[in-house]
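A short worksheet on the structure shown next.
Read-outs throughout are calculated quantities, based only on the coordinates presented, and are distinct from any laboratory measurement. Worth saying up front: this structure is predicted, and the values here are computed from it rather than measured. Here Cβ is always computed from backbone atoms with ideal geometry, including for glycine, and neighbour counts include all displayed protein chains.
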Ligand code: G6P
Ligand code: MG
């Protein structure tokens with residue numbers, strides 16, 4: 001049997017969530033906005049533009065479109081600086097094992113990310129070739145929790161939504177998968193990702209038996 005296995009990127013495949021946080025925090029600091037680790041949960045999975053709006057909202061800061069563009073560029077330059085030296089050591093625990101198992105079982109592997117930096121990151125960590133299709137921030141216009149990115153992903157894999165399984169580390173992403181009528185698997189803390197169908201701490205907790213059951217369901 002065949003399912004569509006759709007993976008978020010940041011915080012699921014690679015440990016880039018910390019770099020996004022550092023870059024946003026730097027911007028917030030320069031704007032005099034207090035931005036904590038807890039605030040950052042709201043930004044995970046959320047598009048670049050929407051993330052800036054949330055941060056400005058935290059500080060009640062208003063700005064022109066032009067000024068916002070400048071800040072977005074600055075944030076992305078800082079972020080690119082952080083990810084510049086990434087290599088495959090930053091692939092999160094258990095990810096390779098799961099990707100290789102799905103490949104060996106001829107399952108479609110799709111990326112479903114809000115990031116516009118997805119392809120260069122996958123290249124940097126040497127796993128771009130494992131993906132049958134990439135749907136990223138360059139392809140969709142509606143940010144998670146809108147299901148668009150995952151709906152497009154399932155279509156590319158030629159699978160109905162109910163045969164699609166999404167791996168996500170963010171609340172917005174879990175909601176997007178649920179909104180798409182797909183199975184949502186949270187990677188992270190169960191208390192944060194309580195809306196997911198099931199949550200694992202990391203991919204090392206996902207057994208081959210569990211994956212085989214998903215494939216054959
Ligand atoms: C992912 C991350 C977000 C990030 C968004 C856009 O969803 O979880 O933190 O803001 O992608 O990424 P980009 O690389 O295009 O700024
Ligand atoms: Mg993520």
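How many angstrom lie between the C-alpha centres of segment 174-217 and segment 46-120?
20
I'd like to know how segment 1-115 sits against the 2.2 N^0.38 Å rule of thumb: what's its Cα Rg over that expected value?
1.26
Modelled label-to-label distance, residue 123 and residue 69, 7 Å Cα→beta-carbon offset: nm?
Distance between the two pseudo-spin positions: 2.6 nm.
Normalised by the number of residues in the chain, what is the relative contact order in percent for Cα pairs under 8 Å and 6+ residues apart?
That works out to 27 percent.
Computed over the Cα atoms of the chain, what is the ratio Rg over Rh, Rh following Kirkwood?
Numbers: Rg = 17.0 Å, Rh = 17.6 Å.
We get a ratio of 0.97 for the chain.
Helix 17-30 sits at what angle to the longest principal axis of the chain, using alpha carbons and giving 0 to 90 degrees rounded to 10?
It is inclined by approximately 10 degrees.
Quick one: work out the % antiparallel among DSSP beta bridges in the chain, nearest 5.
Of those bridges, close to 5 percent are antiparallel.
FRET efficiency for residue 116 and residue 189, Cβ-Cβ distance as r, R0 = 22 Å, nearest 0.05?
The computed FRET efficiency comes out at 0.25.
Could you state the principal axis extents of the C-alpha atoms in segment 141-217, from the largest down, to the nearest angstrom?
Its Cα atoms span 33, 29, 15 Å along the three principal axes.
Multiplying the sequence separation of residue 29 and residue 62 by 0.36 nm and subtracting their Cα-Cα distance, what value in nm do you get?
Details: separation 33, 0.36 × 33 = 11.88 nm, distance 1.56 nm.
Gain on stretching residue 29 to residue 62: 10.3 nm.
Within 10 Å, count the other beta carbons around each residue, average over each peptide in 32-40, 18-26, 72-80, 4-12, and list them highest first.
4-12, 18-26, 72-80, 32-40
Using Cα springs under 10 Å in a Gaussian network model of the chain, which residue among 108, 147, 160 shows the largest mean-square fluctuation?
Of 108, 147, 160, the most mobile in the Gaussian network model is 160.
Rounded to the nearest 500 deg cm²/dmol, what is the calculated helix-only ellipticity per residue at 222 nm for the chain, with -39500 (n - 2.57) per DSSP H run of length n ≥ 4?
Values: 9 runs with 93 residues, N = 217.
Rounded to the nearest 500, it is -12500 deg cm²/dmol.
Under a plain spin-label model, where a point goes 7 Å from the Cα along Cα-to-Cβ, how far apart in nm are residue 138 and residue 53?
2.4
Counting each pair of different Cα atoms once, what's the Kirkwood radius of segment 52-147 in Å, rounded to one decimal?
Numbers: mean 1/r = 0.0631 Å⁻¹.
About 15.8 Å, per the Kirkwood formula over Cα pairs.
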